[in-house]
Amino acid sequence: MSPTPSPESMLPLLVDYIVAWVLICTILFLGAQRLKAKIQFYAMQSLGLSVLLGAIGLAHQNTKALILAVVAAIGKCIIIPLILRYVKRRVPMNKGVESYVAIPTTMLMGGGMIMAAHYLTNHLFYNQSHLFNEMLSTGMALVFIGMLVMMVRKKAFTQILGLYVVDNGIFCLTMATVFEMPMIIEMGILFELLLGVLVMGILVQRIHDSFQAVTLDELEQLKG
Amino acid sequence: MTQVYEIVQSVLFQFGLAFALSPLVNTALKKWKALLQGRQGPPYLQGYYDLLKYFRKETVVSDQTSALFLATPVINFVCIGAVSLLIPTFVAPQVFAPIGGILVMVYLLGLARFFMAAAALEPGGGFCSMGSSREMMIATLIEPVLLLALFTFAKLTNTQQLLALPSALSSQGLFLYTPAYALAALALFVVSLAEMGRVPFDNPETHYELTMIHEGMLLEYSGKPLGLMFWSAWTKQFLILSLLANILFPFHMATSANIAALALALLAFIGKLIAVGLIIVIVETAIAKMRLFRVKEVLGASLILAVLALIFSVEQSGGLPK
Amino acid sequence: MQFLTLLFTLPAVNALLGLLWPGHRRWLGPLQTIGSAVLFAVTVGLAHHIVTVGPISLWQGSIYVDALSGIILLIIGGVGTLAALYGAGYMIADLDANAPTTAPATSAESNRPPRRLRFYYLLFNLFVLTMLAMAISGNMGMFWMAIEGSTMFSAFLVGYYTKKAPLEAAWKYVILCTVGIAFALIGIVLTYYAVLKAQGNLAQGLNWLYLYKLAPKLDPHLIKVAFVFILVGFGTKAGLAPIHNWLPDAHSESPTPISAMLSCVLLNCALLGIIRYVLLTQLVIDPAFAQHLLLFFGLLSLGLAVPFILVQQNIKRLLAYSSMEHIGLILIGLGLGSPLAVLGGLFHMVNHAAIKALMFFGAGNLAQRFQSKQTTHIQGAFGIMPLTSTLLLLGVLALCGSPPFSVFLSEFYILQGGLANGHWIVSGLTLLFLIIIFGGFLHTYLGIVMGTAPAGHHDNPLPKGETNPAGLLAMGCSLVLLLAMTWWLPKDLNSLLHSATDFIVQGKGLGL
């Protein structure tokens, strides 16, 4: 290795850093005790992914990717968190995170999932480039962790957050594999996400109004 | 000839320097913290006065204890002394490297900790026992993180000799600052605070019964053994500080025997220590001591950081061995 | 082209009409029915156009309307009209039942449609709109967006009664379907990646037609993995067996017209995505891979529905599980792979839509009158609602595949197609499950129609007579349709079914 970095070698290093940032945000997201902190870590994670897309777009001089990065940043780091915070304020629920599994345990499980995702990508796609592997494994890890959050946390509200982490994972997977889909599709997906958070927000509010609770323990009437 | 020279260097600048400077460093940390909080703080030489005081005092030992109680301070001192030979200061002579690397260092610290906790159980005092049980709980959390973080550096540099770490790290130039390095350094920093018994985990300055850990174990000691215990604890702190300093800023080590180079390296080393010390003091001032059951969450988080670091270091070196 | 424009403007106009209608609330339902009927006429015209002129492909295939879309469009238009017709009576009765009694009923103000009814029609039409978009999209990405949009718009319809159980159902529906759709998105990304690796034209990389043409160059390994994701993803929305949990809840808790729309239309629309992808996998890899998966999921759905149908006490949940059974049957037909079985599967989509609409309407009428969905409470309906009961009983016979109705034909095609290809085990199991389900249904419904009401549940005997004449008309229409399709299958529908079968089995019409 040469002691001074060259511009070509900067991109992988930058990607390394952003991926590390995203993963740390994810772990902190798992470890957060309060819903507000969880929303913030989600926003920070989305910011990392948007910056990643922007950086790769810059490196490849791809205007579409840059535009998309800006739109994703606005949608995922500003609008969705704002809506989520609005819902959180409107619904007078306990501000803490309630979980079926202890929080440190879920953090460790999250770490395990990151390792598993890494192991899987290394063995399924062994002859790919470093960047590909890294982003793919991050995307997979986010999908796994989002699923984990949806399964172990008690509140309906946290399920929304888990869903959006899964979505960020798919965003990352998309970047790793195809880099970018046709513009209109990407925009459509983002629009659906915004629509989704609105719909789920209203539903959470209505559930709260008629159940006086938003934990999933209450949502167990319908069976069989 | 070079071997003899390196042994001399080792004994003087690693073993000697550590034990000589550690009271000063401990007091300095206390003083800076006080200054940052708008207090006067102790004079810089307070650590030496304290040691002198302890060594002049009479030793009182409970008649319920066995020989282990009095042997422990010596064992502790010896363990820390051995560790001091493995950790680079401003010189890194390789002469004692064959003793071992990361594992030996971590387990020598573990040995010292074991004897300390065992001896604290001897007099049968309630606070002593509580201190040792807490110490062991934290130790189980510290050791894996410490090992994983140091393994990351080993993976990055292909050496597991602590003495060889700084030069191997600095040879990478600016490429050193990869996520793997950053994450491992962060994990190492957090776990070092725990290992040194600093604020978010333990408070070295108080004897508040409900929270004390290290102080609790020393409650039944007095006189010379107490002095020895404090001295070893401070030296351990110094050693970890210097390891941290040399990993965070692995530059400007003395590579030749010439006096000017040594002096320059010593100056750089002092600068590094001050930098790390200041970071620690600021962190300590900024955060409050944690409740004991939160400790495991923070250390768990740093464990995950260390795991992430290891993953990244594996990525960086081109995937898992096939 | 003008067909397509109409196809999209009509529901939009209907939606606005529903939202802004200034007149009496009783006129809103018939107006919507007329709007839906016009939409149905447009779909029929479009189907005729497809048959006579050929598939429509616009914007380099981003919009692609072929025989398969034609079938789905007909189902959307037909069931949409029936549901609107039924809803015209049902929703008003529903409002009257839930209205505060103190409100003066005569003033012009109070006769305006209330807010929830306006939103009901707005969302209903938007829901139809997204399903139309699913049917005509020639692009996987657009299909994905439409299917996700349909979840979002129908979520509030499922949770229309803002009470505990409907809200729970809506929540499960949104969460499960969105997660499923997320999996489908992974599948789409992987497909796009395969196109990228095959150095295809990325601008058209997600268009079905382009994918079919590019098929020989695509990486089989990636397509295999992608297919599994797609099957799980769209399969969640189609209510396939291990991931069907939202289906009975949503179908039983939503207003009856919506139950019918979900069960008869939405499931088929989701199947459309699976069918199109199956064709792609068949072009890339050995057809057996996709077929075996379809057979597996089909049999699983069918088999898992059996015990639930036998013990079910909620009249609408019973029908929901029956939907699961029929979706399984359609998948089996498609998975068997022989032309006859595929034809049977497609024909079964149409038949199932017609019969399930009837069943839900009847069950809705009963539930509204008895104010309960429990089959133990709804007993002896014949004495109270004779017409509904008769139609329902005939419907049960049709639903379970008794001969004079066209459901018998499609089930027979599927079994015959399986047996002719030597799939003895699959056909035998299917037949066994169908027979058990027949028994279960007949048992439950004979009790509902002929049984005696348990004493003590109702303080005073329920008034006799029908409440929803429009609903009866809708039910009658479905029954006539079912009979008509046995003896006289409309020529256009027939050729649509046949060309769609050729398309699926041999890839005909692709120019391959």
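The values are calculated or read from the model by the stated rules, or taken from the named source; none is laboratory data. Keep in mind it's a predicted model, so treat the numbers as computed, not measured. Positions of Cβ are generated from backbone atoms using ideal geometry, with glycine treated the same way; all protein chains shown enter the neighbour counts.
Run A:V101 past the list (1) of a type outside the set (G, A, S); (2) in contact (Cβ under 8 Å) with a residue 40 or more places away in the chain; (3) part of a helix (DSSP H, G or I) and report the number of the one that doesn't hold.
Tallying (1) of a type outside the set (G, A, S); (2) in contact (Cβ under 8 Å) with a residue 40 or more places away in the chain; (3) part of a helix (DSSP H, G or I), A:V101 fails exactly one: (3).
Consider only pairs whose beta carbons are under 7 Å apart and that are at least six residues apart or on different chains; among these, list those whose first residue lies in the stretch A:193-208 and is in contact (Cβ under 8 Å) with a residue 40 or more places away in the chain and more than 8 Å from chain C (Cβ to nearest Cβ) and whose second residue is outside any helix (DSSP H, G or I) and of a type outside the set (V, I, T).
Between residues of the stretch A:193-208 that are in contact (Cβ under 8 Å) with a residue 40 or more places away in the chain and more than 8 Å from chain C (Cβ to nearest Cβ) and residues that are outside any helix (DSSP H, G or I) and of a type outside the set (V, I, T), the close pairs are A:H208/A:M93.
Test A:T174 against the stated conditions and say whether it is assigned to a helix (DSSP H, G or I), out of contact with any Lys or Arg (no Cβ under 9 Å at 6 or more places or on another chain) and away from chain C (no Cβ under 12 Å).
No.
For B:K296, indicate whether it is touching a residue at least 60 places away in the same chain (Cβ under 8 Å), within 14 Å of chain A (Cβ to nearest Cβ) and basic (K, R).
It is true that B:K296 is touching a residue at least 60 places away in the same chain (Cβ under 8 Å), within 14 Å of chain A (Cβ to nearest Cβ) and basic (K, R).
Scan C:A203, C:A194, C:A184 and give me the residue that is among the small types (G, A, S), in contact with a Phe, Trp or Tyr (Cβ under 6 Å, 6 or more places away or on another chain) and within 11 Å of another protein chain (Cβ to nearest Cβ).
C:A184
Being hydroxyl-bearing (S, T, Y), buried (at least 22 other Cβ atoms within 10 Å of the Cβ) and away from every other protein chain (no Cβ under 13 Å): is that true of B:Y221 here?
Spelling it out, B:Y221 is indeed hydroxyl-bearing (S, T, Y), buried (at least 22 other Cβ atoms within 10 Å of the Cβ) and away from every other protein chain (no Cβ under 13 Å).
Step by step: first the residues of the stretch C:157-170, then only those that are touching a Lys or Arg at 6+ places or on another chain (Cβ under 9 Å) and at the interface with another protein chain (Cβ under 9 Å from one of its Cβ atoms), then the one that is surrounded by the fewest Cβ atoms within 10 Å (Cβ to Cβ). Which residue is that?
C:T162
Only one of these is closer than 19 Å to C:T178 by Cα and part of a helix (DSSP H, G or I): A:M135, A:M150. Name it.
Exactly one of A:M135, A:M150 is closer than 19 Å to C:T178 by Cα and part of a helix (DSSP H, G or I), namely A:M150.
Would you mind finding the one in C:R276, C:R317 that is in contact (Cβ under 8 Å) with a residue 12 or more places away in the chain, among the charged types (D, E, K, R), more than 14 Å from chain A (Cβ to nearest Cβ) and out of contact with any strand residue (DSSP E or B) (no Cβ under 7 Å at 6 or more places or on another chain)?
Residue meeting the stated conditions: C:R276.
Kindly indicate whether any position in the stretch A:104-125 is under 23 Å from A:A156 (Cα atoms), at pLDDT below 80 and either more than 14 Å from chain B (Cβ to nearest Cβ) or in contact with a helix residue (DSSP H, G or I) (Cβ under 6 Å, 6 or more places away or on another chain) (or both).
Yes, there is a match, as at least one residue in the stretch A:104-125 is under 23 Å from A:A156 (Cα atoms), at pLDDT below 80 and either more than 14 Å from chain B (Cβ to nearest Cβ) or in contact with a helix residue (DSSP H, G or I) (Cβ under 6 Å, 6 or more places away or on another chain) (or both).
I'd like the full set of residues that are farther than 18 Å from B:K272 by Cα, more than 16 Å from the chain's Cα centre (by Cα) and assigned to a helix (DSSP H, G or I), limited to the stretch B:1-15.
B:T2, B:Q3, B:V4, B:Y5, B:E6, B:I7, B:V8, B:Q9, B:S10, B:V11, B:L12 - these are the residues of the stretch B:1-15 that are farther than 18 Å from B:K272 by Cα, more than 16 Å from the chain's Cα centre (by Cα) and assigned to a helix (DSSP H, G or I).
Among (1) over 17 Å from C:L346 (Cβ atoms); (2) at pLDDT 90 or above, where does C:K316 come up short?
Every listed condition holds for C:K316 apart from (2).
When you scan the stretch C:31-58, how many residues do you find that are at pLDDT below 85 and out of contact with any strand residue (DSSP E or B) (no Cβ under 9 Å at 6 or more places or on another chain)?
2
If the requirement is being under 20 Å from C:P469 (Cα atoms) and more than 23 Å from the chain's Cα centre (by Cα), which of these qualifies: C:G395, C:G362, C:G383?
Result: C:G383 is the single residue among C:G395, C:G362, C:G383 that is under 20 Å from C:P469 (Cα atoms) and more than 23 Å from the chain's Cα centre (by Cα).
State yes or no: is B:F251 in a helix (DSSP H, G or I), out of contact with any Gly (no Cβ under 7 Å at 6 or more places or on another chain) and touching a residue at least 60 places away in the same chain (Cβ under 8 Å)?
No; evaluated as a whole, the condition is false for this residue.
Does any residue of the stretch C:334-355 turn out to be crowded, with 22+ Cβ neighbours inside 10 Å, more than 14 Å from chain A (Cβ to nearest Cβ), under 17 Å from the mean Cα position of the chain (by Cα) and aromatic (F, W, Y)?
Among the residues of the stretch C:334-355, at least one is crowded, with 22+ Cβ neighbours inside 10 Å, more than 14 Å from chain A (Cβ to nearest Cβ), under 17 Å from the mean Cα position of the chain (by Cα) and aromatic (F, W, Y), which makes the answer yes.
Just one of the numbered conditions (1) crowded, with 21+ Cβ neighbours inside 10 Å; (2) in contact (Cβ under 8 Å) with a residue 40 or more places away in the chain is not true of C:T130; which one?
Evaluating C:T130 over (1) crowded, with 21+ Cβ neighbours inside 10 Å; (2) in contact (Cβ under 8 Å) with a residue 40 or more places away in the chain leaves (2) as the failure.
Taking interchain pairs and intrachain pairs at least six residues apart, which have beta carbon atoms under 6 angstrom, with the first residue in the stretch A:19-36 and more than 7 Å from chain B (Cβ to nearest Cβ) and within 28 Å of A:H130 (Cβ to Cβ) and the second among the basic types (K, R) and buried (at least 21 other Cβ atoms within 10 Å of the Cβ)?
Listed by first residue and then by second, the contacts come to A:F29/A:K38.
List every residue pair whose Cβ atoms sit under 6 Å apart, with the two residues 6 or more apart in sequence or on different chains, where the first one lies in the stretch C:136-153 and is within 9 Å of another protein chain (Cβ to nearest Cβ) and the second, anywhere, is crowded, with 24+ Cβ neighbours inside 10 Å and of a type outside the set (A, V, I, L, M, F, W, C).
Within 6 Å, the pairs are C:N139/C:N207.
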